[in-house]
Amino acid sequence: MKRSILFFFFFFFFFCKSKQESVNPNPQNVQENQAYLGILYIETSNGIQVAEVFPDSPASKSGIEPGDFILSANGYPVVGSYTLRENIFSLKPGTEVYIEVIKLNGKKTVLKATLEPIPEKYKHKYNIK
């Protein structure tokens, strides 16, 4: 019985350790290649609301404005910051994204944005060298 428990413990420990090492070998490369939309947002009970749009960003070029609520990206719902990261920020620069928003006047519209690399002037905020 003790041998079975000991064997199970070592097997479980080895399996978990080997899985952890292969998950994310170099997290900094992921950040360097992260897409940039150029917004600050807040998570409200109604979803993701754009708080600020940076000048000359993909968001400003597409027509996203402060106050807009982001409903979906490429047809996938955006209901919180996790889904925003998964559906927009996890993509590569150069990717076109169709973003459905509700404007302050209540009108729904779909805007197209081409994601860009993070500009040099913002890399220090993300600890990218």
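Readers should treat all values here as calculations from the given coordinates under stated rules, not as data from a laboratory. Because the structure is predicted, anything quoted here is derived from the model rather than measured. As a convention, Cβ positions derive from the backbone with ideal geometry for all residues, glycine included, and neighbour counts pool all protein chains shown.
Observations on the model:
- Solution diffusion estimate, µm²/s, Stokes-Einstein, segment 33-126, Kirkwood Rh from C-alpha pairs, 4 °C, viscosity 1.567 mPa s: 99
- Ordering of 116-124, 61-69 by burial proxy (mean other Cβ atoms within 10 Å per residue, highest first): 61-69, 116-124
- Table column - 3J(HN,Hα) (Hz), segment 57-71, Karplus curve with 6.51, -1.76, 1.60, x for Gly and Pro: 8, x, 5, 5, 5, 7, x, 5, 10, x, x, 5, 9, 8, 9
- Within-14-Å neighbourhood charge of Pro66 [Cβ basis; K, R +1; D, E -1]: -2
- Taking amide H atoms as placed 1.01 Å from N in the peptide plane, the amide H of Ile48 lies under 5 Å from those of Ile70, each 5 or more residues away in sequence or on another chain.
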